[in-house]
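Structure, as structure tokens:
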Amino acid sequence: MIKSYNNYTWTNVKRIGLKVKEGEDVNRSIPMLIRGTVCAAALSLLMTGCLSHQGDNPSPTVPTPSPSPSTAPTPSSVVAAPTPLPTSDDRAMTLEEKLGQMIITGIDEYSMNVHARELIETYHVGGIILYKPNVKNTSQLVGLVNELKETNAVNKLPLWLGVDEEGGRVTRLPDEITKTPTSKEVGKTGSTKLAYNIGHLLGKELNAYGLNMDFAPDLDVNSNPNNPVIGDRSFGSNASIVSSFGIPMMNGLQDQQVVPVVKHFPGHGDTSVDSHIGLPIVQNDLARLRKLELIPFAEAIKHQADAIMVAHILLPKIDANNPASMSRKIMTDLLRKEMGFQGLIMTDDMTMGAIIKNYDLGESAVKSVLAGANIVMVGHDYEKTIKVITALREAVKSGRIPMETIDQSVRQVMKVKQKYQLDDHPIKVPDINKLNAEVRDVLGANSK
């Protein structure tokens, strides 16, 4: 069968590893490396040799398009590839610790509370997603991040600390920070250099607040004008524009040591229902997806995407029984095998209306893991997070989820945490004036 999702490529940025940031503080890098060494030693009996790399299923090769109006910078200096992960012994991490690494959870309030502490210390969750209700101002956010990092000291691996920071209306950073344009506005400029610079800028801002993961960029093609949830979050209404601007934004984040999570696979742009409220049903088949929605994701994979978020949308012509976030046909057969993605696969928030109004939450989490998800996101409600962890634990103990499936996901998590040199060191209150000046510089340079 001829596959059409590879009829476009973006060639302006060629990446080899991660950049060394100009003027990087070596003294800051030393404790990060020490933490990585300690983590590796603590887990020296956990993993089964070096992790597999992308190559078992090569990503599609694609012809070169006509030049973009403006191109993003080409990386000049890189750091060496991370040290291979250690060999395995299941005694190094308990089942509870492994399951925790497969969870990214939301928390309540502006500061550490009993539930947040229990999720980290008792359930060993691997990551925290912060929303606007968790952010009051700069000093409060710094305090919360430092509390989370300090609490996580009991665990073997540092925390993911992530937000949805897309630019435009989807922003979680404090109001003191000058906001960047929507993706749609960026796409209209014709400057892929601006897209890279905004990704780089957002990464710098997240770094300043101790955050290390951004659930962005949005690689949806906004093909349905009646879409109630994507709209100006997309770079445009065709795959070429989304690819041309989404990939450099992703690279800009990566160059600031922030993990970009591209979304919403296999494409949320042709929906007429908001999955936060209900379950979108899209009558597109694989042939259609290959011609449009999959193109930006294929490009992201080709340009070393680390993580992909899978949407809660039902595509009956591909899998009539399961939404994408619970579908083996979509996550394993399509994303892993056909498209060759070997990074982290995570679900969108499982507490969204698409799931909780139509399915049992615990069973949904089990199905997601069996279908190929490495990380299950539970964005809201402490009790719901416990329900998901409990369901996964029971599925493993009953033999329904093989232990090797859990170990593979933990390896994927470790690989990316090590690559980005995550640490739990406290941060200082950032210089807001300096950050805002950089926003003005980036936007001003593009307007000249």
Sole residue being in contact with a strand residue (DSSP E or B) (Cβ under 7 Å, 6 or more places away or on another chain) and in a loop (DSSP other than H, G, I, E, B), chosen from Asp220, Asp270: Asp220
Failed item in (1) touching a strand residue (DSSP E or B) at 6+ places or on another chain (Cβ under 9 Å); (2) open to solvent by 10 Å² or more (accessible area, probe 1.4 Å); (3) of a type in the set (Gly, Ala, Ser), with Gly236 passing the rest: (1)
Residues (at pLDDT 90 or above, open to solvent by less than 30 Å² (accessible area, probe 1.4 Å) and over 18 Å from the mean Cα position of the chain (by Cα)) located in segment 239-274: Ala239, Ser244
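For segment 371-391: of the residues being in a helix (DSSP H, G or I) and not β-branched (Val, Ile, Thr), which is surrounded by the fewest Cβ atoms within 10 Å (Cβ to Cβ)?
That would be Glu383.
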Which members of segment 281-294 meet the condition of being buried (at least 23 other Cβ atoms within 10 Å of the Cβ) and closer than 15 Å to Asn227 by Cβ? Val282, Glu293
Breaking point among (1) touching a Phe, Trp or Tyr at 6+ places or on another chain (Cβ under 8 Å); (2) at pLDDT below 95, for Ala354: (1)
Selected residue (only one of Ser364, Ser368 is under 20 Å from His264 (Cα atoms), modelled with pLDDT of 95 or more, over 19 Å from the mean Cα position of the chain (by Cα) and assigned to a helix (DSSP H, G or I)): Ser364
Scan segment 275-293 for residues that are at pLDDT 80 or above, outside any helix (DSSP H, G or I) and within 23 Å of the chain's Cα centre (by Cα) and report the count. 6
Every listed condition ((1) open to solvent by 10 Å² or more (accessible area, probe 1.4 Å); (2) over 22 Å from Pro323 (Cβ atoms); (3) assigned to a helix (DSSP H, G or I)) holds for Gly399 save (3)
Do we have any residue at all in segment 402-410 that's within 30 Å of Arg336 (Cβ to Cβ), buried (at least 22 other Cβ atoms within 10 Å of the Cβ) and β-branched (Val, Ile, Thr)? yes
Considering segment 119-131, residues that are free of Cβ contacts under 8 Å to residues at least 40 places away in the same chain and not polar (S, T, N, Q), and then whichever is most open to solvent (accessible area, probe 1.4 Å), we arrive at Glu121
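Please enumerate the residues belonging to segment 154-176 that are more than 30 Å from Val410 (Cα to Cα) and either within 16 Å of the chain's Cα centre (by Cα) or crowded, with 20+ Cβ neighbours inside 10 Å (or both).
Gly167
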Mind listing whichever residues of segment 298-341 are closer than 26 Å to Phe245 by Cβ and part of a loop (DSSP other than H, G, I, E, B)? His303, Gln304, Ala305, Asp306, Ala311, His312, Ile313, Leu315, Met339, Gly340, Phe341
Would it be correct to say that Leu422 is part of a helix (DSSP H, G or I) and touching a Pro at 6+ places or on another chain (Cβ under 8 Å)? no
Taking the criterion of being acidic (Asp, Glu) and surrounded by fewer than 21 Cβ atoms within 10 Å (Cβ to Cβ), would at least one residue in segment 343-361 satisfy it? yes
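The values are calculated or read from the model by the stated rules, or taken from the named source; none is laboratory data. Just so it is clear, the structure is predicted and the values come from calculations on it, not from any experiment. Please note: Cβ atoms are built from the backbone with ideal geometry, for glycine as well, and neighbour counts cover all protein chains shown. Just the protein is used for accessible areas: all its heavy atoms, side chains included, with ligands, DNA and RNA removed. Shrake-Rupley method; radii C 1.70, N 1.55, O 1.52, S 1.80 Å.
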